[in-house]
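Worksheet: the structure to be examined is printed underneath.
The values are calculated or read from the model by the stated rules, or taken from the named source; none is laboratory data. For clarity, every value in this text was computed on a predicted model and none was experimentally measured. All Cβ positions, glycine included, derive from the backbone under ideal geometry; neighbour counts span all protein chains shown.
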Ligand SMILES: [Zn+2]
């Protein structure tokens, strides 16, 4: 018996397979090749199927990004749980008894397979600021009433007015109040988009207007340090997207099935 299999929050293999089957195929198992259910024959319960027409065999994992998975389905579930809890890789390995490279690889897979095509519009009072992280900078905005954020990595040495305005056009509702520091990239933004602009002058020790977005930067830095020590600048956009998703879509991070539903649903048919 492993550590993982004795824990109440980790179901047994049979239960996990049942849930995964529901998420991946819905009510009826369809052939990933021809898309039809009528010729599908189950070879091993909730594990292996065959299409009599196409003559191909497929499993739960072979039709998704879990293809070629080398760890057990119970370990996968446990590792997702660790990742959702923002556990660092070493501690996740202590629990699952997997190797560090394996756990690290799966953390990356989880992050890279998040489905994040959500629309977001910020309104009312919106705080905006920029932060420098690992040779790039991040433009960020927070709608303080609805607790929504939008972060964007820009691979440049310094942000300019164009970067700020592009984000505002896409994500700030006309008529909102934009709160920023005294940075020149924000000056005159109210002439380019219908908003009221309020500014703190940091040199005069005014900080109230951007305190919440600055709090987001502090959380982001802690998150990166704890979860991803070896972050390269190329990986930064996906890490920032994960952070954003954790803030905005708590249902994906509640339990492993929430994440699996988000990342595995609607299997692409190879037609
Ligand atoms: Zn088929």
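Applying the selection to segment 9-32, what residues are assigned to a loop (DSSP other than H, G, I, E, B) and either out of contact with any strand residue (DSSP E or B) (no Cβ under 6 Å at 6 or more places or on another chain) or under 20 Å from residue 259 (Cα atoms) (or both)?
Passing the criteria: 9, 10, 11, 12, 26, 27, 28, 30.
Give me the residue from segment 44-56 that is part of a strand (DSSP E or B) and closer than 19 Å to residue 264 by Cβ and, out of that set, farthest from the ligand (Cβ to nearest atom).
The residue in question is 48.
For residue 84, which of the numbered conditions (1) touching a residue at least 40 places away in the same chain (Cβ under 8 Å); (2) farther than 30 Å from residue 211 by Cβ fails to hold?
(2)
I'm told residue 41 meets every condition in (1) within 16 Å of the ligand (Cβ to nearest atom); (2) in a loop (DSSP other than H, G, I, E, B); (3) loosely packed, with under 13 Cβ neighbours inside 10 Å except one. Can you identify the failing condition by its number?
If we test residue 41 against (1) within 16 Å of the ligand (Cβ to nearest atom); (2) in a loop (DSSP other than H, G, I, E, B); (3) loosely packed, with under 13 Cβ neighbours inside 10 Å, just (2) comes out false.
Within the bounds of segment 54-65, is there any residue that is surrounded by 13 or more Cβ atoms within 10 Å (Cβ to Cβ), in contact with a strand residue (DSSP E or B) (Cβ under 6 Å, 6 or more places away or on another chain) and farther than 23 Å from residue 246 by Cα?
yes
I'm trying to understand the selection: among the residues of segment 57-86, which are out of contact with any helix residue (DSSP H, G or I) (no Cβ under 8 Å at 6 or more places or on another chain) and either at pLDDT 95 or above or within 16 Å of the ligand (Cβ to nearest atom) (or both)?
Across segment 57-86, the qualifying residues are 57, 58, 59, 62, 85.
Looking at segment 196-230, which of the residues that are crowded, with 18+ Cβ neighbours inside 10 Å and either in a loop (DSSP other than H, G, I, E, B) or on the phi > 0 side of the Ramachandran plot (or both) is modelled with the highest pLDDT?
Among those that are crowded, with 18+ Cβ neighbours inside 10 Å and either in a loop (DSSP other than H, G, I, E, B) or on the phi > 0 side of the Ramachandran plot (or both), it is 200.
In this structure, does residue 233 turn out to be within 30 Å of residue 85 (Cβ to Cβ), surrounded by fewer than 17 Cβ atoms within 10 Å (Cβ to Cβ) and touching a strand residue (DSSP E or B) at 6+ places or on another chain (Cβ under 6 Å)?
Considered against the rule, which asks whether it is within 30 Å of residue 85 (Cβ to Cβ), surrounded by fewer than 17 Cβ atoms within 10 Å (Cβ to Cβ) and touching a strand residue (DSSP E or B) at 6+ places or on another chain (Cβ under 6 Å), residue 233 comes out as yes.
Looking at this structure, is residue 178 at pLDDT 95 or above and either assigned to a loop (DSSP other than H, G, I, E, B) or not assigned by TED's automatic domain parsing to the domain that holds residue 73 (or both)?
Here the answer is yes, as residue 178 does meet what is asked.
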